[in-house]
Amino acid sequence: MDQVHPPPDAELRQNGLGVLSVLHDCLISYITFLLDLEDVVRLSCCSRILRVFACEEPLWLGLCLKQEEGIIEYRVNWRQTALATYTTKTVPAAAVEAAARPLSPLPGLSSLFLYKRWYRCHVDLTSFLPPSGAPTVDRVPAADMSPADFFNQYDKPSIPVLLGGLMHSWPVSSWSLPALSAAFSSALFKVSKPHGGRALMTLPAYADYMARQTDEEPLYIFDPTFTEAAPGIRKLYDIPHVFTKDYYSELGAARPNFRWLVLGPARAGASWHVDPALTSAWNALLSGRKRWALYPPHVAPPGVNLDDDGEEAHTSDDGLTSLQWFLEVYPTLPPEIRPIEFVQNPGDVVFVPGGWWHCVLNLETSVAVTQNYVGPANLTRVISYMADGSSTYHAAPLPYYDTVNEVAVWSEKYPYLTAPGGEQVGPMNTSESSDEVAVTAEEEEVEEE
């Protein structure tokens with residue numbers, strides 16, 4: 001009978017964790033997220049191994065953003081930022097200064113969980129590209145394309161596409177981060193927090209944050225009111241001529257959020273989602289590179305759960321980030337159910353038809369403008385969706401699309417994802433019927449780590 005050997009760091013864990021040593025590292029980390037700032041500080045004084053858990057940057061990012069609802073001024077790291085802005089008690093200046101110093105190594109500690117988190121915070125994405133031969137979208141020069149041609153070839157059949165030559169009138173030099181920071185130095189932009197919510201930062205402060213941070217899920221400028229925050233910025237771009245027909249604009253002041261400034265570093269991005277109310281969208285990239293993945297409306301992205309209360313259905317706020325999905329779920333997928341993929345380069349405009357699932361990952365610092373619209377191709381569908389509700393739509397998406405002019409076209413272009421009759425490949429995932437891939441990935445992570 002094989003002899004069972006204890007893990008090499010068993011004694012270290014027993015001495016430093018006590019009764020907590022029986023818990024998986026992910027559970028210990030989860031427990032620390034339930035503590036308030038002062039308890040985390042106390043925990044860090046208990047042992048060297050607990051100090052490792054209590055000084056993790058994702059933990060302090062959460063503590064800082066939990067207490068910071070206004071303007072964020074990032075320091076050397078999130079631990080120092082949280083301590084410097086803590087108002088319940090006065091934090092000694094020496095403690096704030098000491099928080100800037102990196103944690104001393106702990107020889108002998110072995111943790112796959114902590115390593116994988118560290119890896120996600122530091123991974124170099126410059127060569128993180130779709131595999132050769134992956135299904136992709138058309139790349140089309142569109143400077144001379146007529147709105148009618150775009151409508152017939154892509155908008156009406158709801159086919160995503162990369163369009164080139166639509167940004168020649170945009171003053172690209174004015175969209176560099178230094179130029180934007182100089183032109184709109186005092187404007188406050190909305191920054192998306194991990195797991196929901198927004199804070200405010202100026203562009204100079206955000207640029208400084210990007211240069212210092214090593215966050216797994218960086219703060220991301222995703223601002224729907226950027227033209228109000230910096231009115232002059234609207235003069236720096238034109239709506240591409242193939243998208244000029246927009247019934248959404250008829251709503252006037254009642255129009256929901258429809259345009260965004262999207263600016264962030266590598267590892268930032270958007271997790272799997274469908275755009276609001278099945279509106280279509282264009283996304284114009286000024287600088288940087290983005291990796292995109294898409295599935296047709298009726299094909300559920302593996303690893304994505306929907307929270308569905310019978311009236312409204314939406315992706316879970318605690319779902320995988322785009323980086324986590326590409327690292328944890330994507331490698332487990334057989335080629336026949338992998339998504340449609342491409343890399344967006346500066347000058348590319350992506351067209352995303354309403355209802356298509358998509359996620360986006362910044363491969364490097366990127367600046368983009370995106371806008372949602374309702375045109376002749378999706379007007380009826382948007383009205384039906386708004387009348388029926390998201391729960392009804394996600395339960396059976398295909399009836400919202402034309403069998404001949406849309407679904408049949410998808411089947412011909414991407415036959416591996418869509419059965420001949422348009423049937424969905426795999427069941428739609430909801431919180432009631434748990435996603436097998438997501439569960440499997442989580443179980444494997446717990447077992448391996």
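What the table below lists for this structure:
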read-out: Charge-dipole axis of the chain as Lys and Arg at +1 and Asp and Glu at -1 on Cβ define it, positive-most pick from His24, Ile340, Tyr373; value: Tyr373
read-out: Spin-label pair Val76/Ile383, simplified geometry with 7 Å Cα→Cβ offset, distance in nm; value: 6.1 nm
read-out: Cβ-Cβ FRET estimate between Arg101 and Ala253, R0 fixed at 30 Å, reported to 0.05; value: 0.05
read-out: Longest to shortest principal axis, alpha-carbon extents of region 1-101, angstrom; value: 62, 25, 21
read-out: For the chain, the spread of Cα positions along each principal axis, largest first, Å; value: 71, 63, 41
read-out: Difference of contour (0.36 nm per residue) and Cα-Cα distance, Ala134 to Tyr30; value: 33.8 nm
read-out: Orientation-averaged projected area, Cα convex hull of region 103-199 (nm²); value: 12.8 nm²
read-out: Alpha carbon convex hull of region 197-285, projected area averaged over orientations, nm²; value: 7.3 nm²
read-out: Label-point gap, in nm, between Arg51 and Thr126 - each point 7 angstrom along Cα→Cβ; value: 3.5 nm
read-out: Cβ-based net charge around Leu35, under 13 Å, with every Lys or Arg adding one and every Asp or Glu removing one; value: -2
read-out: Electrostatic dipole magnitude of the chain [Cβ: Lys, Arg +1; Asp, Glu -1; Cα centre; debye, to 20]; value: 1740 debye
read-out: Rounded percent of accessible protein surface that carbon and sulfur make up, region 347-421, 1.4 Å probe; value: 59 percent
read-out: Two-site label geometry, Glu412 and Ala94: point separation in nm, points 7 Å out along Cα→Cβ; value: 7.6 nm
read-out: Computed over the chain: relative contact order in percent, which uses C-alpha pairs under 8 Å that are six or more apart; value: 18 percent
read-out: Per-residue SASA entry for Leu379, accessible area with 1.4 Å probe, Å² rounded to 10; value: 60 Å²
read-out: Nearest-10 value in Å² for the accessible area of His241, using the 1.4 Å probe; value: 70 Å²
read-out: Volume of the Cα convex hull of region 279-340, divided per residue and given in Å³; value: 137 Å³
read-out: Residues with amide H under 5 Å from that of Ser280, placed H, sequence gap 5 or more; value: Gly354, Tyr373, Gly375
read-out: Solvent exposure of the chain as accessible area per residue, Å², 1.4 Å probe; value: 46 Å²
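The values are calculated or read from the model by the stated rules, or taken from the named source; none is laboratory data. Here the structure is a predicted model, which means the values were calculated and not measured. For neighbour counting, all protein chains shown are included, and Cβ atoms are generated from backbone atoms with ideal geometry for every residue, glycine included. Note: accessible area is taken over every heavy atom of the protein model, side chains too, but ligands, DNA and RNA are not part of it. Shrake-Rupley method; radii C 1.70, N 1.55, O 1.52, S 1.80 Å.
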